[in-house]
Amino acid sequence: MKKILVTGGLGFIGSHTVVELQNEGFEVLIIDNLSNSTIEVLDKITSITNKKPSYFNIDLKDKVAVQQFFKENNVDGVIHFAASKAVGESVEKPLEYYENNIGTLVYLLQEMKANKVSNFIFSSSCTVYGQADELPITENAPVKPAESPYGNTKKIGEEIIKDTTKISKINAIALRYFNPIGAHESAKIGELPIGVPQNLIPFVTQTAAGIRKELSIFGSDYPTIDGTAVRDYIHVVDLAKAHIIALSRLLNYKNKTSFEVFNIGTGKGNSVLEVIQSFEKVTGKKLNYKLVERREGDITAAYADTTIANTELGWKAECTLDEALLSAWKWQETL
Ligand code: UD1
């Protein structure tokens with residue numbers, strides 16, 4: 001049985017990926033410092049899969065603890081989610097973001113290299129493309145200067161990994177996620193936003209639940225189908241499955257180069273108003289919303305060209321926007 005370290009394994013995407021890994025017969029070790037998750041998620045994962053993953057409360061900024069972990073545990077691969085992800089906060093606290101997202105990545109790669117662990121999956125983002133000149137966005141679209149320290153950590157992170165694969169036996173795949181949404185069908189795990197949600201779907205579900213009075217739609221004058229911004233919303237379980245496929249590609253020596261990148265999205269763009277219509281249709285809830293100014297730093301439209309992920313990985317998103325939104329709502333109802 002292959003042993004896989006999942007950093008940030010109690011977070012939103014991490015927890016769904018742990019479930020899929022266990023379902024596929026991997027033994028999972030989780031490192032999570034609970035900075036944006038809770039220990040209850042470990043029990044929830046266990047109740048879904050009937051297998052308790054090993055859990056280590058380690059902060060990856062603690063280099064000695066990371067060294068110790070790799071000395072004591074032989075793992076076959078690492079899926080690295082642990083990172084800070086709030087765009088606005090990253091502008092306020094750039095050094096914390098660089099330390100937390102870049103410093104820890106360096107420690108992990110150093111220990112992987114020293115301990116001959118050669119398979120690495122990195123949580124990257126479509127944010128590296130900025131506003132792409134052409135849609136849909138292919139992996140060959142140029143990486144643009146980052147709009148925020150958070151975005152920069154994904155861009156720099158990819159560069160650090162690529163440089164490392166050139167001088168070591170490490171093979172890596174960066175998955176550039178579009179907009180992950182939804183929750184597990186069991187409604188036992190999902191996205192746990194702390195404070196006022198910044199992302200669209202948690203704000204939508206909290207508004208429908210009466211926790212927020214009104215959803216503000218940021219911008220209605222974009223050059224899109226209805227004036228609101230367009231994104232590629234992908235169900236988190238589809239996204240989680242892409243990690244298992246990418247990992248297996250490395251474990252089975254199927255990768256073509258030592259560093260590969262893949263877009264992980266549905267390939268379909270939806271406007272904010274389309275999301276709201278879909279949400280209202282599947283839940284029967286009426287959403288209170290108003291149109292306001294654009295949000296600073298937002299782009300007009302982004303959706304993936306998934307041809308390479310489809311053909312090279314043999315992976316394709318299966319869930320519809322309706323299904324993803326319904327799962328997000330079922331999860332909200334449990335909170
Ligand atoms: C955001 C981040 C991106 C990050 C991603 C992670 C910004 C500018 N970008 O992407 O770097 O990788 O989250 O999930 O923060 N919207 C509203 N009202 C709201 C919230 C959002 O209208 O209350 C709109 C936004 O303007 C956008 C769409 O909904 O058009 C999606 O927003 P969001 O979920 O925040 O994702 P992104 O902005 O695409």
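Do we find that Tyr253 is more than 9 Å from the ligand (Cβ to nearest atom), at pLDDT 95 or above, open to solvent by 20 Å² or more (accessible area, probe 1.4 Å) and not hydrophobic (A, V, I, L, M, F, W, C) in this structure? The answer is yes for Tyr253. Of all the criteria given as (1) more than 10 Å from the ligand (Cβ to nearest atom); (2) under 21 Å from Lys268 (Cα atoms); (3) touching a helix residue (DSSP H, G or I) at 6+ places or on another chain (Cβ under 7 Å), the one not satisfied by Pro193 is (2). Considering only segment 287-308, I want to know if a residue exists there that is in a helix (DSSP H, G or I) and more than 13 Å from the ligand (Cβ to nearest atom). Yes.
The set of residues from segment 86-129 being closer than 24 Å to Leu250 by Cβ and not in a helix (DSSP H, G or I) comprises Asn115, Lys116, Val117, Ser118, Asn119, Phe120, Ile121, Phe122, Ser123, Ser124, Ser125. For segment 1-59, enumerate the residues that are among the basic types (Lys, Arg), in a loop (DSSP other than H, G, I, E, B) and more than 21 Å from Leu251 (Cα to Cα). Scanning segment 1-59 gives Lys51, Lys52. Answer with yes or no whether Ser124 is open to solvent by less than 10 Å² (accessible area, probe 1.4 Å), in contact with a Leu (Cβ under 7 Å, 6 or more places away or on another chain), of a type outside the set (D, E, K, R) and at pLDDT 95 or above. It is true that Ser124 is open to solvent by less than 10 Å² (accessible area, probe 1.4 Å), in contact with a Leu (Cβ under 7 Å, 6 or more places away or on another chain), of a type outside the set (D, E, K, R) and at pLDDT 95 or above.
The residue pairs whose first member lies in segment 274-290 and is in contact (Cβ under 8 Å) with a residue 24 or more places away in the chain, whose second member is part of a loop (DSSP other than H, G, I, E, B) and open to solvent by less than 40 Å² (accessible area, probe 1.4 Å), and whose beta carbons are closer than 9 Å, counting only pairs six or more residues apart or on different chains, are Glu274/Thr228; Val275/Thr228; Ile276/Thr228; Ile276/Leu287; Phe279/Leu287. Scanning segment 201-243 for residues that are of a type in the set (Lys, Arg), more than 30 Å from Glu260 (Cα to Cα) and either within 10 Å of the ligand (Cβ to nearest atom) or buried (at least 19 other Cβ atoms within 10 Å of the Cβ) (or both) returns a single hit, Arg212.
For segment 60-85, the set of residues classified as closer than 22 Å to Ala174 by Cα and in a loop (DSSP other than H, G, I, E, B) consists of Leu60, Lys61, Val75, Asp76, Phe81, Ala82, Ala83, Ser84, Lys85, listed by residue number. Looking at segment 142-170, which of the residues that are within 16 Å of the ligand (Cβ to nearest atom) and part of a loop (DSSP other than H, G, I, E, B) is modelled with the lowest pLDDT? Filtering segment 142-170 for residues that are within 16 Å of the ligand (Cβ to nearest atom) and part of a loop (DSSP other than H, G, I, E, B), the one modelled with the lowest pLDDT comes out as Glu147.
Contact annotation: residue pairs with Cβ atoms under 7 Å, 6 or more positions apart or on different chains, pairing a residue in segment 12-35 that is at positive phi with a partner that is open to solvent by 30 Å² or more (accessible area, probe 1.4 Å) and part of a loop (DSSP other than H, G, I, E, B), are Gly25/Met1; Leu34/Asn57.
Filtering segment 300-315 to residues that are farther than 14 Å from Pro136 by Cβ and open to solvent by 40 Å² or more (accessible area, probe 1.4 Å) leaves Thr311, Glu312, Gly314. Can you spot a residue in segment 182-192 that is under 14 Å from the mean Cα position of the chain (by Cα), surrounded by fewer than 21 Cβ atoms within 10 Å (Cβ to Cβ) and not assigned by TED's automatic domain parsing to the domain that holds Ala301? Yes - at least one qualifying residue is present in segment 182-192.
The values are calculated or read from the model by the stated rules, or taken from the named source; none is laboratory data. As the structure is a prediction and not an experimental result, all values here were calculated from the model. Every residue, glycine as well, gets a Cβ built from its backbone with ideal geometry; the counts of neighbours run over all protein chains shown. Just so you know, the surface numbers come from the protein's heavy atoms only, side chains and all, with ligands and any DNA or RNA stripped out. Shrake-Rupley method; radii C 1.70, N 1.55, O 1.52, S 1.80 Å.
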